[in-house]
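Before any comments, here is the structure.
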Amino acid sequence: MTTKEANFEREFVYKIVILGDAAVGKTSLINQFVEGSFNEDYKPTLGANIVRKDVNLNSTKVRLIMWDLAGQEKYRVVRSMYFQGCQGALLVYDVTRYSTFDNVNSKWLRDFKKHVKKEGAYILIGNKKDLKDQRAVTTERGEEIAQKIKASHFIETSAKLGENIEKAFSLLVNQILSNHGVEI
Ligand code: G3D
Ligand code: MG
């Protein structure tokens, strides 16, 4: 084996989608992950925002192409394009609004499964954990549902405080790699 081969770095490109009701914090999670910043004044535009980030795991490079819905009302129009070639999803709800939790299963996961036929990976995220006084969905309920819907992981985050963001994305990336038989 030549030195060049020994140093060979594997590269993978994966497309993931961020799913969840309006204002659960999808864009904030991505912004926090990509830039480490929280923009209080973020204004949604129309269609889908596409953001890229490279993640290095040992000698493996994973390029993540993240699709974020911008303007929930456009979702029906962009839906099939949105899921095209997608390998994983972050299913996001807001721990202060129970309806967003219900919709994860009844709407978002259902759609994901309909469009992503092969072994798509998905994790469940309860965002806004910093809003302790307004919490409507307990951690235990989140864990229960995650098991019921067979999400590979469950994690609570705060896009505002930057808590558990890296961890959430790396859980998903690891699950995608594992679903594709890639060992790191
Ligand atoms: P979306 O992309 O899912 O529609 P956004 O959601 O990322 O646009 O966030 C919706 C609102 O929730 C924003 O507030 C944003 O600042 C806030 N938010 C997002 N994540 C968190 C979090 O973890 N904690 C708290 N406290 N707020 C969060 P505005 O007021 O701009 O609508
Ligand atoms: Mg958004």
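Output the residues belonging to region 79-101 that are outside any loop (DSSP other than H, G, I, E, B), at pLDDT below 95 and surrounded by fewer than 17 Cβ atoms within 10 Å (Cβ to Cβ). Steps first, please.
Within region 79-101, the subset outside any loop (DSSP other than H, G, I, E, B) is 79-83, 88-94, 98-101.
Those left that are additionally at pLDDT below 95: 79-83.
Hits for region 79-101 are R79, S80, M81.
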In region 114-129, is there at least one residue being out of contact with any strand residue (DSSP E or B) (no Cβ under 8 Å at 6 or more places or on another chain) and β-branched (V, I, T)?
no
Filtering region 54-77 down to residues that are open to solvent by less than 30 Å² (accessible area, probe 1.4 Å), without any contact (Cβ under 8 Å) to a residue 40 or more places away in the chain and either part of a strand (DSSP E or B) or over 18 Å from K113 (Cβ atoms) (or both) yields G71
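Select from region 18-38 the residues that are in a loop (DSSP other than H, G, I, E, B) and at pLDDT 90 or above and list them in ascending order. Step through it out loud before you land on a result.
Initially, region 18-38 is screened for residues in a loop (DSSP other than H, G, I, E, B), giving 20-25, 36-38.
Correct list: G20, D21, A22, A23, V24, G25.
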Hits in region 63-85 - residues which are within 16 Å of ligand 1 (Cβ to nearest atom) and touching a helix residue (DSSP H, G or I) at 6+ places or on another chain (Cβ under 7 Å)
M66, W67, D68, L69
Of the residues that make up region 53-64, is at least one within 16 Å of ligand 2 (Cβ to nearest atom), under 21 Å from A151 (Cβ atoms) and of a type in the set (A, V, I, L, M)?
no
Flag for G85 being within 13 Å of ligand 2 (Cβ to nearest atom) and at positive phi
no
Anything in region 131-184 that is assigned to a loop (DSSP other than H, G, I, E, B), within 16 Å of ligand 2 (Cβ to nearest atom) and either open to solvent by 40 Å² or more (accessible area, probe 1.4 Å) or within 24 Å of K61 (Cβ to Cβ) (or both)? List them, or say none.
K160
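Look through E144, E140, E119 and report the one residue that is of a type in the set (D, E, K, R) and under 16 Å from the mean Cα position of the chain (by Cα).
Working: E144 fails: under 16 Å from the mean Cα position of the chain (by Cα); E140 fails: under 16 Å from the mean Cα position of the chain (by Cα).
Testing whether each residue is of a type in the set (D, E, K, R) and under 16 Å from the mean Cα position of the chain (by Cα) leaves just E119.
Evaluate the following for S80: is it of a type outside the set (D, E), away from ligand 2 (no atom under 16 Å from the Cβ) and under 24 Å from E166 (Cβ atoms)?
Values: of a type outside the set (D, E): yes; away from ligand 2 (no atom under 16 Å from the Cβ): yes; under 24 Å from E166 (Cβ atoms): no.
No: the conditions fail for S80.
The values are calculated or read from the model by the stated rules, or taken from the named source; none is laboratory data. Since we're looking at a predicted model, the values are computed, not measured. Here Cβ is always computed from backbone atoms with ideal geometry, including for glycine, and neighbour counts include all displayed protein chains. Remember, those area values only see protein heavy atoms, side chains included, never the ligands or the DNA or RNA. Shrake-Rupley method; radii C 1.70, N 1.55, O 1.52, S 1.80 Å.
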